[in-house]
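To keep things clear, I will list the structure first and then write my remarks on it.
Since every read-out is calculated from the coordinates, none of them should be taken as a lab result. Please read all numbers here as calculations on a predicted model, not as lab measurements. Every residue, glycine as well, gets a Cβ built from its backbone with ideal geometry; the counts of neighbours run over all protein chains shown.
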Amino acid sequence: MSAGPSLPMLRVVVPPDERPRADQAERKTDAGSPPQTEDGRLILTPELTEEIERSSALLELAEPQDILRWTTERFAPRFTMATAFGPEGMVLIHMLAEIAPQTPIFNLDTGYQFAETLELREEVKRRYGIAVELKQPETTVAEFEAQHGGPLYKTQPDQCCFDRKIKVLNKAVLGYHAWASAIRRDQSPDRAKAPIVGWDKKFGLVKVSPLANWTKKQVWGMITKYDIPYNPLHDQGYTSIGCWPCTRAVLAGEDERAGRWSGFAKTECGLHTQ
Ligand code: SF4
């Protein structure tokens, strides 16, 4: 761990054997734990706001591994990560496999993911021994499309993402206090202001972005150096991979997220916008 400034530690007190289950809707407040709602979501107090801002400033120049170490020490076992198995997510999984392999990691399994993406989940299990949990919507794709008279992604992708991603994530993070995101600031204007540590008001979580300062080149440099598994679709021009109906390969010179929701003004599924 690189020498760094002493970091603020408002420790969450959790009984050691009480690992939160993502599907817990009801949770009693632990003695000594920070203010939280009945269903276990953190409440943003002035003290927490101050801690988040101070920690983010202190960690701004830290290595991603050090940011993950701090996050784990500060929030585990109430720290989780969602991944779509993109290159940045794979780098974080690789780091967590060394730093905190017990970290619960989940994937929003919309029912529309590429077979290659789901196979990568199996590869993560083989390589790291980490079983990424698939979190699914309440309806199957067939039921969902029947309810809406056909595929909603063709006409209302925002609603489709809300129903098959946001709602699922909202439930999956119950009981957790912090989550890791794999976003990079240089990916899009929306992501350019992402702090290292911030408050995710949409989900009531502290959001940590260890790779916010990294470039695409750094991510792929690490993948190559450590032979980290990645989605083979990246070798076919798919720079950013989500659900198959809303993802295409990009053309030379296009933005790396240009292949997502092509033809719509939409650029984000809503997970990383407030
Ligand atoms: S990315 Fe497309 S298919 Fe997937 S949830 Fe969003 S709109 Fe639906």
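Between Phe264 and Lys225, the distance separating the two model label sites (each 7 Å from Cα on the Cα→Cβ line) works out to 3.7 nm. For GluC sites (Glu not before Pro), the sites in region 122-187 that DSSP calls loop and that have at most 13 other Cβ atoms within 10 Å are Glu138.
Cross-link partners for Lys154 among the lysines, with Cα-Cα distance under 24 Å and sequence neighbours closer than 8 places in the same chain left out: Lys135, Lys165, Lys167, Lys266. Here the Karplus curve 6.51 cos²θ - 1.76 cosθ + 1.60, taken at θ = phi - 60°, turns the phi angles of region 55-60 into couplings of 5, 4, 5, 5, 8, 3 Hz, with x standing for Gly and Pro. Straight-line reach from Lys216: taking Cα to Cα under 19 Å and skipping same-chain neighbours fewer than 8 places apart, the lysines in range are Lys193, Lys225.
Karplus-based coupling profile of region 185-202, in residue order and whole Hz: 5, 8, 6, 6, x, 4, 8, 4, 9, 4, x, 5, 10, x, 9, 9, 6, 5, with θ = phi - 60° in 6.51 cos²θ - 1.76 cosθ + 1.60 and x standing for Gly or Pro. Shown for Phe264, Phe75: other C-beta atoms within 10 Å of each C-beta, ranked fewest to most, produce the order Phe264, Phe75. Length available on full extension from Glu63 to Glu123: 0.36 nm per residue minus the Cα-Cα distance, which gives 19.0 nm. Between Gln159 and Arg54, the contour length at 0.36 nm per residue exceeds the Cα-Cα span by 34.2 nm. Centre-to-centre, using Cα atoms only, region 45-109 and region 203-243 are separated by 15 Å. Arranged from fewest to most other beta-carbon atoms within 10 Å of their beta carbon, Lys165, Lys217 become Lys217, Lys165.
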